[in-house]
There are 2 protein chains.
Amino acid sequence: MSILCVGSVALDSIETPFGRAERVLGGSAVFFAAAATVFSPVRIVGVVGEDYPLSDLDFLAARGADLEGIERRSGESFFWAGRYHYDLNSRDTLETRLGVFADFRPRIPDRFKDARHVFLGNIDPALQNEVLDQVEAPEVVACDTMDYWIEGNRKELLGLLERVRILLVNDAEARQLADEPNLLKASIWIRERGPEIVVVKKGEHGAILFAEDWVFFVPGYPLERVFDPTGAGDAFAGGFMGYLAGAGTLDEGSLRRAMVFGSAMGSYAVEDFSVNRFRTLDVSDVRRRVHEFRRMTAFETHPEAIDV
Amino acid sequence: MSILCVGSVALDSIETPFGRAERVLGGSAVFFAAAATVFSPVRIVGVVGEDYPLSDLDFLAARGADLEGIERRSGESFFWAGRYHYDLNSRDTLETRLGVFADFRPRIPDRFKDARHVFLGNIDPALQNEVLDQVEAPEVVACDTMDYWIEGNRKELLGLLERVRILLVNDAEARQLADEPNLLKASIWIRERGPEIVVVKKGEHGAILFAEDWVFFVPGYPLERVFDPTGAGDAFAGGFMGYLAGAGTLDEGSLRRAMVFGSAMGSYAVEDFSVNRFRTLDVSDVRRRVHEFRRMTAFETHPEAIDV
């Protein structure tokens with residue numbers, strides 16, 4: 001099943017301890033689609049300026065991304081420049097220019113309106129609500145958000161949560177949203193406001209899925225070289241939602257596997273600048289990494305081992 | 001098999017958002033033993049002052065802790081006072097008085113010298129080396145350390161690592177020791193200097209075991225209420241080493257299970273002040289929690305799930 005993804009389509013200039021990249025493909029929708037198309041077709045809705053190298057997205061189209069919903073407007077594309085510190089766990093934003101993204105009003109093409117799976121990337125919750133208004137019968141709606149909207153448009157965000165089945169946020173955002181430092185309690189607070197499933201992304205520490213009566217934990221994949229952390233969270237969301245759309249169910253086993261595929265996709269995102277690692281990613285890579293996740297977490301409890 | 005544990009036997013005064021406790025049992029050796037004795041007898045070597053309420057350790061003795069190696073000297077016991085912040089992830093040290101611990105020179109009682117399993121709690125690496133000099137034929141030596149020794153007595157610490165099979169440290173310590181922000185690379189650097197196994201504790205984010213050709217990850221147990229984080233790392237070490245001593249082997253399956261028992265014990269440590277939670281802990285609690293860890297991390301990869 002195809003996923004409708006609404007989010008930013010941006011250009012990033014990145015500096016890391018290992019090098020720099022100028023005006024490369026970025027944005028939540030691009031990272032999401034690069035990861036999700038491994039599992040499922042994706043229809044992207046976004047906006048770019050005249051300066052955007054749309055032909056650079058051809059590799060996504062070749063893998064099943066429908067780009068018809070990317071509107072081209074006069075003006076400049078969303079641009080972000082950042083510099084990562086030595087340990088890659090913190091970064092400075094050097095420049096943000098919203099450009100045409102400042103006035104973005106998502107218009108869903110008619111032939112996208114039958115979408116069953118919807119991913120609402122991190123944009124104004126008022127716009128996220130407008131997207132849902134345009135979709136005929138969404139079944140699995142997932143969304144991301146950030147501190148700026150949690151603080152600045154909380155009421156709209158809480159309205160959105162009532163329409164969302166899966167919230168994907170990082171740990172700081174979950175705590176801020178619920179005003180609760182304990183993640184388990186924060187997840188309960190959030191789930192009481194709509195989402196059945198809360199996925200908390202913790203970067204190198206992995207991710208946790210909180211459901212009604214179970215919790216699933218996936219580690220971050222330990223890499224010898226984290227090249228560029230940009231987009232890892234969106235790639236996680238892409239792997240997670242892509243897998244679920246492909247599976248066509250939200251049963252517990254599928255949700256657990258979706259977490260692992262999400263973490264695998266997040267780990268690929270950081271292995272190169274921009275979405276470059278996804279250009280050459282093939283199924284055997286993904287299969288191998290998922291089995292490595294299994295080996296990293298599997299243990300057997302022998303009855304005698306705990307009869308102490 | 002009995003474990004020889006050398007470390008601090010202290011009194012702690014703790015403030016958390018949930019309450020305060022004055023001059024309660026603390027110290028690395030006490031938390032280690034409280035957790036390890038669930039699995040294996042422990043022989044403690046440490047020092048206390050005249051003010052120490054040794055009878056409060058009776059519950060440890062009843063569970064198989066041999067206290068003969070706790071020397072009582074004139075003066076004051078090691079005392080630490082700390083206050084945890086709202087989110088329990090950071091704390092201020094209000095007071096540290098080393099007391100008799102300042103001149104601690106571990107003397108291993110003759111009947112402890114046949115120890116096969118040794119845990120060297122976080123003390124001066126020169127003293128950790130002196131302990132090993134007194135043990136006849138140690139087989140499984142594990143040690144902890146901290147930033148103070150990594151910076152201040154690095155040469156002695158590197159000498160110690162050559163004699164150690166398992167290093168247990170937190171993530172900041174691993175990075176500092178190897179001068180390398182990437183944990184996987186840091187673990188390789190450390191393993192090249194002696195330890196076969198590096199266990200990196202990450203608090204609420206769980207722990208990672210790095211071995212020669214495999215890695216094992218265990219999450220932190222998600223609790224609705226973290227009451228007092230003091231001693232969680234030492235309780236982790238106690239569960240880990242206690243399980244290994246009971247198993248009598250360092251095979252891969254035992255090491256994986258030891259990580260889970262370690263994380264379970266760390267989670268119990270934070271449920272109450274001091275070692276109080278361990279007073280009532282029974283085997284059925286531990287068994288239940290370990291099965292919950294299994295449920296938190298288990299997933300099956302179906303071949304069709306990754307033939308995408």
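The values are calculated or read from the model by the stated rules, or taken from the named source; none is laboratory data. Since this is a predicted model, take the numbers as computed values, not measurements. When we count neighbours, we look across all protein chains shown, and the Cβ atoms used for this are built from the backbone with ideal geometry, even at glycine.
Worth a mention:
- In segment B:4-54, the residue that is modelled with the highest pLDDT out of those that are within 14 Å of another protein chain (Cβ to nearest Cβ) and in a strand (DSSP E or B) is B:Val42.
- Residue satisfying all of: in segment B:213-231; over 14 Å from A:Ala207 (Cα atoms) and in contact with a strand residue (DSSP E or B) (Cβ under 9 Å, 6 or more places away or on another chain); farthest from the other protein chains (Cβ to nearest Cβ) among these: B:Gly231
- Scope segment B:260-273; condition surrounded by 24 or more Cβ atoms within 10 Å (Cβ to Cβ) and of a type in the set (A, V, I, L, M, F, W, C); matching residues: B:Val260, B:Phe261, B:Ala264, B:Met265, B:Ala269, B:Val270
- The number of residues in segment A:113-128 being more than 18 Å from the chain's Cα centre (by Cα) and farther than 14 Å from A:Ala245 by Cβ comes to 2.
- Residue identified as farther than 21 Å from B:Phe210 by Cβ, in contact (Cβ under 8 Å) with a residue 40 or more places away in the chain and out of contact with any strand residue (DSSP E or B) (no Cβ under 6 Å at 6 or more places or on another chain) among B:Arg116, B:Arg105: B:Arg116
- Filtering A:Phe273, A:Phe261, A:Phe278, A:Phe236 for residues that are within 13 Å of another protein chain (Cβ to nearest Cβ) and either aromatic (Phe, Trp, Tyr) or farther than 26 Å from B:Glu292 by Cα (or both) leaves a single hit, A:Phe261.
- Qualifying residue in segment A:78-95 (condition: assigned to a loop (DSSP other than H, G, I, E, B), modelled with pLDDT of 95 or more and among the hydroxyl-bearing types (Ser, Thr, Tyr)): no
- One residue from A:Tyr268, A:Tyr243 being in contact with a helix residue (DSSP H, G or I) (Cβ under 6 Å, 6 or more places away or on another chain) and facing chain B (nearest Cβ under 8 Å): A:Tyr243
- For B:Pro106, the conditions (1) more than 15 Å from B:Gly231 (Cβ to Cβ); (2) under 21 Å from the mean Cα position of the chain (by Cα); (3) part of a strand (DSSP E or B) are fulfilled apart from (3).
- For segment A:281-308, a residue qualifies if it is modelled with pLDDT of 80 or more and either more than 9 Å from chain B (Cβ to nearest Cβ) or in contact with a strand residue (DSSP E or B) (Cβ under 6 Å, 6 or more places away or on another chain) (or both), and the qualifying residues are A:Leu281, A:Asp282, A:Ser284, A:Asp285, A:Arg288, A:Arg289, A:Met296, A:Thr297.
- A:Leu209 being away from every other protein chain (no Cβ under 11 Å), surrounded by 23 or more Cβ atoms within 10 Å (Cβ to Cβ) and either without any contact (Cβ under 8 Å) to a residue 60 or more places away in the chain or within 16 Å of the chain's Cα centre (by Cα) (or both): no
- Any chance A:Phe119 is within 20 Å of A:Phe278 (Cα to Cα) and outside any loop (DSSP other than H, G, I, E, B): yes
- Qualifying residues in segment A:181-197 (those that are within 14 Å of B:Pro222 (Cα to Cα) and in contact with a helix residue (DSSP H, G or I) (Cβ under 9 Å, 6 or more places away or on another chain)) - the one farthest from the other protein chains (Cβ to nearest Cβ): A:Ala186
- Residue that is surrounded by the fewest Cβ atoms within 10 Å (Cβ to Cβ), among those in segment B:128-141 that are among the aliphatic types (A, V, I, L, M) and in contact (Cβ under 8 Å) with a residue 60 or more places away in the chain: B:Val135
- Here B:Leu120, B:Leu184, B:Leu132, B:Leu160 are screened, and the one residue that is at pLDDT 95 or above and either basic (Lys, Arg) or under 30 Å from A:His85 (Cα atoms) (or both) is B:Leu184.
- Pairs with Cβ under 7 Å, 6+ apart, first in segment B:262-286 and farther than 14 Å from B:Gly233 by Cα, second in a helix (DSSP H, G or I) and among the aromatic types (Phe, Trp, Tyr): B:Arg277/B:Tyr268; B:Phe278/B:Tyr268; B:Arg279/B:Phe59; B:Leu281/B:Tyr268
- Among the residues of segment B:8-35, just one is under 18 Å from B:Ser90 (Cα atoms) and crowded, with 24+ Cβ neighbours inside 10 Å, namely B:Ile14.
- Residue match in segment A:188-205 (condition: in contact with an Asp or Glu (Cβ under 7 Å, 6 or more places away or on another chain), under 30 Å from B:Ser90 (Cβ atoms), among the aromatic types (Phe, Trp, Tyr) and surrounded by fewer than 19 Cβ atoms within 10 Å (Cβ to Cβ)): yes
- Among the conditions (1) without any contact (Cβ under 8 Å) to a residue 24 or more places away in the chain; (2) within 14 Å of chain A (Cβ to nearest Cβ), B:Arg63 misses just one, which is (1).
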